1. State the extension gain, in nm to one decimal, for the chain segment bounded by residue 151 and residue 482, taking 0.36 nm per residue of separation less the distance between their alpha-carbons.
2. Shape call for the range 401-531 from the C-alpha gyration tensor, a ≥ b ≥ c root eigenvalues: rounded (a/c under 1.5), prolate (a/b greater than b/c) or oblate?
3. Can you tell me the Rg and Dmax of the range 257-371, counting just the alpha carbons, in angstroms?
4. Would you mind classifying the range 322-392 by shape? Square roots of the alpha carbon gyration tensor eigenvalues, ordered a ≥ b ≥ c; an a/c under 1.5 is rounded, otherwise it is prolate if a/b is larger than b/c and oblate if not.
5. Grab the Cα-Cα distance for residue 474 and residue 498, subtract it from 0.36 nm times how many residues apart they are, and report the gain in nm with one decimal.
6. Which FRET efficiency value, to the nearest 0.05, do you get for residue 171 and residue 306 by plugging their Cβ-Cβ distance into 1/(1 + (r/R0)^6) with R0 = 51 Å?
7. Using 7 Å Cα-to-Cβ label points, what is the residue 467/residue 105 separation (nm, one decimal)?
8. How much FRET efficiency would the formula 1/(1 + (r/R0)^6) give for residue 460 and residue 402, where r is the Cβ-Cβ distance and R0 is 60 Å, rounded to 0.05?
Amino acid sequence: MESAESIRSAFESALEGARAVADGLDARAKAALAAGAGVAVLLALRRLRQQRARTRGPCRGGKVVAVVEEPAQVAQVVEVVSREKEERKEEERNEEKEEGPVRARAEGDLAVRSSTATQPALSYLDVFLEAMSDQWTEKNAQGNIILLIAENKLTTGMVVKRLRQVKNVPDSVLGYTSFRGDPLFRAAIAKYVQQTFASDAGAIDPECLAVSAGCGAVIDNVCFAVCDRGSEVLIPAPYYPAFDNDLRVRSGVEPVPVFSSSGSAGLPTNEDLDKAFSSCSNPRVLLLTNPHNPLGTVLNAQQVHRCIKWALMRGLHVISDEIYANSVHAPEGSREVFRSAMAMAPDLAEKLGEELVAQRLHTIFGFSKDFCASGLRVGCIHTKNRRLLMAMDNVGYFCGVSGHTAHLMTQALEDASFVRRFLQKNQRNLRSSYNVLESKLKAAGIPFLPASAGMFCWIDMRKFLRESTWEEEKRLWTGLAKDAKVLFTPGRDCHASEPGYFRICFAWVPERALALAIDRVARYLEKNADA
């Protein structure tokens with residue numbers, strides 16, 4: 001039995017959170033909550049998350065079964081806590097009358113919460129912006145070759161040509177539509193998903209989709225809806241460097257890197273995940289990226305399934321970021337076979353319970369990468385959590401896709417022949433550029449992880465460091481950027497396990513520039529070998 005003090009502490013959180021919590025509970029827990037026993041529900045959840053050894057009972061089908069303990073005691077604590085809260089509010093009102101409200105402010109008379117937003121999103125942002133003013137072109141052969149932008153320019157011409165074929169734009173694009181995304185657009189997206197990267201997932205219901213201005217906005221909205229400020233999001237490392245900013249800047253959520261103890265490029269073990277989970281005060285989400293950024297690989301489907309199952313059994317939400325799902329460029333016959341989390345849902349539901357999986361498994365994808373169209377700002381989420389979709393109806397107002405963009409993309413996606421030809425062409429272009437990069441890296445003696453998806457290659461330059469420190473990694477990165485005029489993404493920003501790794505984005509420049517960049521790097525390394 002919980003002590004009165006424990007119930008008192010839990011109730012403080014329950015006053016604001018009980019209604020939202022109910023969506024993830026089974027019928028018995030919901031009934032308990034409705035009866036005024038929200039405290040016991042919160043305690044059951046807290047025991048499940050933070051004291052797993054004590055809480056692996058009573059569960060059924062992966063869902064928490066809350067047990068109401070001592071209703072009279074709960075009611076007594078409710079009354080005491082409510083009275084104390086009113087007394088504190090009264091004291092605060094009296095203080096404000098006497099002294100006036102005192103509010104901390106950030107520089108520029110901004111709110112303190114703006115401090116994160118006014119910081120650079122990435123550590124290398126200033127050097128990158130300076131390099132952008134002097135980029136390599138055919139006419140500027142000595143310009144900077146920038147290989148740290150996660151954009152695909154290889155097949156943009158085909159997309160532009162198809163969008164220009166849309167001649168009759170209806171007046172309706174000028175008016176409001178559903179803030180979850182235009183219904184016709186969502187229907188076209190559902191068909192596209194079924195026909196491409198999730199063909200083994202069964203029918204995709206457009207009513208389970210929401211569309212926002214990019215996948216970054218989608219992830220932010222999900223975290224806003226399912227996390228409290230200060231909650232933690234577990235992310236297998238290394239990971240996309242902008243996740244740190246994207247999670248913190250508005251929702252105030254804290255990313256927690258999870259390192260693999262095996263030292264391999266695969267996903268962390270359950271023991272690794274347990275260790276990270278235990279270090280958190282309020283873990284809420286496991287965020288997976290598949291295909292992987294920055295590794296440029298397709299994650300093993302069985303390992304992804306294992307990690308999702310691990311997270312769901314611990315009461316976490318799972319976000320499967322599949323923004324590169326249609327950018328798999330592995331040669332035919334390769335063992336690298338991508339499988340969407342949407343296709344894993346039925347098996348997970350059979351093992352853990354359909355309601356649990358529906359409430360907590362969310363898949364994100366978009367068109368910034370797979371369609372060479374990051375400027376159109378189209379990101380999507382597939383979820384069966386109705387309350388989350390209701391939240392998207394509201395917050396979608398602030399980050400909606402324009403009616404004109406939705407119409408253009410609807411026309412393109414409904415053209416099944418174009419979609420098929422474009423994806424095939426784009427995957428060939430990605431493989432061709434990667435082959436150039438692979439050949440040059442081998443010639444330069446730079447180790448790398450073979451890539452099969454996305455637009456990334458993870459290179460290992462540890463042997464070129466004077467010592468294994470982050471300061472030494474920065475020295476090498478700065479030398480490459482300033483002297484060789486080649487910019488990679490530093491491994492430290494990606495939460496690499498140790499110094500010396502870098503991410504190459506190979507789809508932002510032509511193949512000629514890509515080859516020249518590695519030649520420059522090789523000359524720089526040779527020149528500074530004994531320095």
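Values quoted throughout were computed directly from the atomic coordinates according to the rules given, and no laboratory measurement underlies them. The model shown is predicted, which means the values in this text are computed figures rather than measured ones. Cβ sites come from the backbone with ideal geometry, for glycine too, and all protein chains shown count toward neighbours.
1. 116.9 nm
2. Judged from the Cα gyration tensor, the range 401-531 comes out prolate (a/c at least 1.5, a/b above b/c).
3. Rg and Dmax of the range 257-371, Cα atoms, are 14.3, 45 Å.
4. Oblate, since a/c reaches 1.5 and b/c is not below a/b.
5. 7.4 nm
6. Result of the calculation: an efficiency of 0.50.
7. Distance between the two pseudo-spin positions: 4.6 nm.
8. 0.90
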